[in-house]
1. Report the paramagnetic label zone for residue 275: residues of the stretch 200-230 whose backbone N is under 12 Å from a point 7 Å from Cα along the Cα-to-Cβ axis.
2. With angles folded into 0 to 90 degrees, how steeply does helix 55-65 sit against the dominant principal axis of the chain? Use alpha carbons for both and round to 10.
3. Taking trypsin sites (Lys or Arg not before Pro) that fall in a DSSP loop and have at most 16 other Cβ atoms within 10 Å as cut points, what is the longest piece of the chain between them?
4. Would you work out which of 62, 159, 174 lies farthest towards the positive end of the dipole of the stretch 52-179? Charges go on Cβ: Lys and Arg +1, Asp and Glu -1.
5. Among 72, 321, 147, whose Cα sits farthest toward the positive end of the charge dipole of the chain (+1 at Cβ of Lys/Arg, -1 at Cβ of Asp/Glu, about the Cα centre)?
6. Over the stretch 126-252, with the other protein chains present, what is the accessible area per residue in square angstrom, probe 1.4 angstrom?
7. For the chain, what does the helix formula give at 222 nm: sum of -39500 (n - 2.57) over DSSP H segments with n ≥ 4, over the residue count, nearest 500 deg cm²/dmol?
8. Starting from the residue with the highest accessible area, list 212, 132, 127 in decreasing order, probe 1.4 Å.
Amino acid sequence: MNLLVTGGAGYIGGTVSTILMQAGHRVTVLDNLCHSKRAELPAGAEFVEADIADRPRVEALLRELKPDGVLHFAALIEAGESMQKPEIYFRNNTASTLALLEAMHATGTNRLVFSSTAAVYGEPKSTPIEETAALAPTNAYGESKLMVEQMLGWFHRVHGLRYASLRYFNVAGALPGRGEAHEPETHIIPLILDVALGRRASINIYGDDYPTPDGTCIRDYIHVRDLADAHILAIKALSERDRMILNLGNGSGFSVKEVIASARRVTGHAIPAEIKPRRDGDPARLVAGSEKAKTELGWQPQYPELDRILESAWEWHKQRYA
């Protein structure tokens, strides 16, 4: 296939692009490099430095490439920041995606895999969370993604857009030579590994009074390779199916304290932790029900163990700062 990947210089988009090219597909990466670096582009991909909000530029690119589909990862992703600056999330995540959809419609580009999020569910009434659960985001990041899902539904209904919306839980782990690196870094696993490397004095735990067994938030961690495999299955499935909304997760939840304990086992370091106040918009528990993805895509996570996810991340982290 000939595919356009937005945000393909980032952690997840770059991993998906790499695996697509290893399978023989042609990949063009579109990225504005606002939170990534040119050196992080996946080797072998064609690259266009632009913003998806620039509709004329994106439309011209789509006319030139005539891609079989688009995998859309370009977005701001920090839930905490979204509660301080909601406006930039609605501009960058929602409005910019509308410009992309308009360009796709104008050029007859009709297949899209969208990087959505479990944050669209907010604080769930029960776990594991199924795709039929109520959609009630507790932060502006989740709301900005939900608004995109609503737009996709209307573009499908009115214009016949074929799309897959993949709702991720916490993505972690690494491939050889490519791992999790955000600028600035706010994700828990790389921050914990920074402590193990001596780059930080301690890891912060934001709240230890949640209604969970150890008082800390519980999340479902999925290895980035498993996530990438699901994207590839989804873009292929859109040749036969016209609309999919799927959760992607392990189905197992781990608390913040459990993640820290796993990192201590994997790295052999003490990793001091400090308790801090809760952050606005953090649900207590997010665990995926991913049976629908397994049934409809034939997808099966290959790296469900937390220690194994941490081991791959630790190898990458050590290489990164060697």
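1. Once the point is set 7 Å along Cα→Cβ of residue 275, 205-210, 214-216 turn out to lie under 12 Å by backbone N, inside the stretch 200-230.
2. Its long axis makes an angle of about 70 degrees.
3. Result for the longest clean stretch: 38-124.
4. Selected residue: 62.
5. Farthest towards the positive end: 72.
6. 38
7. The helix contribution divided over the chain gives -11500 deg cm²/dmol.
8. Correct descending sequence by accessible area is 132, 127, 212.
The values are calculated or read from the model by the stated rules, or taken from the named source; none is laboratory data. These numbers were taken from a predicted model, which means no experiment stands behind them. Quick reminder, even Gly has a Cβ in these numbers, built from the backbone with ideal geometry, and neighbours come from all protein chains shown. Accessible surface is based on the protein model in full, side chains and every heavy atom, while ligands, DNA and RNA are left aside. Shrake-Rupley method; radii C 1.70, N 1.55, O 1.52, S 1.80 Å.
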